[in-house]
1. Tell me the Kirkwood radius of region 165-251: reciprocal of the mean inverse pair distance over distinct alpha-carbon atoms, in Å.
2. Calculate the spin-label point distance for Ala36 paired with Arg246, positioning each point 7 Å from the Cα along the beta-carbon direction, and give it in nanometres.
3. Give the residue from Leu180, Met159, Ser131 lying farthest towards the positive end of the charge dipole for region 118-251; charges sit on Cβ (+1 for Lys and Arg, -1 for Asp and Glu) and the dipole is referred to the Cα centre.
4. Could you work out the relative contact order of region 137-251, using alpha carbon pairs under 8 angstrom and six or more residues apart, expressed as a whole percent?
5. Under a Cβ-only charge scheme (Lys and Arg +1, Asp and Glu -1), can you give me the dipole magnitude of region 155-251 about the Cα centre, in debye to the nearest 20?
Amino acid sequence: MKWILRNSLSDYLFVEVLAVVLAAVMIGSVTAYVSADSIYKASIMGGTVTPILGAPGQLSGQSPEKPPEYYAEQYLNIKERIASLFGKLVWSNSSLLSAVYAIGVLIALFPFAYRMRVSFVPLLFRERTGSVSLVLKGFALSLGFLLPLFASVVMPLVMVKRNWLSGIEASSLLMLAAILLSLLLLLTVAVYSTYILWGRVDLALVFTLLLAFGLSGKLGFEWRSVWVYLGASLGILLVMVIAAQRRLMRV
C-alpha cells in the first residue's frame, strides 16, 4: 500500500486534483439542475392548489372550521407527496445523469488508473503481493479519490431536503440518494476494472455508457434498483479478480 500511495501522488498532482474538482463540479451542477427542475415540477403536481381552480372549499368559506392539527397534517401529507414525485422526476432523467456520471468518473479516475497500469509490474515487486491484491488495493484507493464526486451527488439532495422538504420522513429522498450513489459506484467499478484489465480508454468509456444506459432504462424508482446496481458492481469486481488471478490482464 505504501508504494501505491507514492505512485498515486505524481508530479502532476495539481492537474489531477483539478480534474477531480472539475468532475465533481460537473456532476454536482447537473444533479443540482435536475433537482431544481424536479422540485419545481413536483411542487406544482403535488400541491392541492391550482392556478385556475384555487383551493375548493377553503377560499369560498363553505368548509367548516377544523382544528390546526388537521391543517398541519394536510401540509405534511402534501410535502410527502411532493417528495415522492421529486424522486420519480429526478430518476426520469436517469439517462442524462448516467452519461454525466460516467464521463465525470472517467475524467477523475483516468490519471490514477493510468499510473496503475504503467507501474503495475514494478508495484508487484515493491508491494510483494499478488495481482489480485494489487487491483483491489488500487480500487480501494480510487474510491478515496472519488469521494468529492459522491459528495457532489448528495449535496443537491440535502439542499432540497433542508429548504423545501423539511419535517418529513424523507424515505423517498433516502431511496433516491441510495440509487444515485449506487449508480455512481457501478460506474466507478466499470471504468476502473475495464481500464485496469485492458488499458483502453475508449473501451472503458463505451462499456461504462452501455452498462449505465442499459440498466437505467430498465430500472424504476424503487429499492430494487439499488440492489441491482450493487449486484452488478460486485459481479464486475468478481470478473476483475478472476481475470487478475488467471493473468488474463493485458499488461
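Each value in this text was obtained by applying a stated rule to the coordinates, not by laboratory testing. Nothing here was measured: the structure is a model prediction, and the numbers come from that model. Cβ placement follows ideal geometry from the backbone for every residue including glycine, while neighbour counts extend to all protein chains displayed.
1. Numbers: mean 1/r = 0.0710 Å⁻¹.
By the Kirkwood definition, the hydrodynamic radius is 14.1 Å.
2. In this crude label model, Arg246 to Ala36 measures out at 5.0 nm.
3. Ser131
4. Details: 72 pairs, mean separation 35.0, N = 115.
Computed over region 137-251, the figure is 30 percent.
5. On the way: 8 positive and 3 negative charges, 59 e Å.
Computed about the Cα centre, the dipole is about 280 debye.
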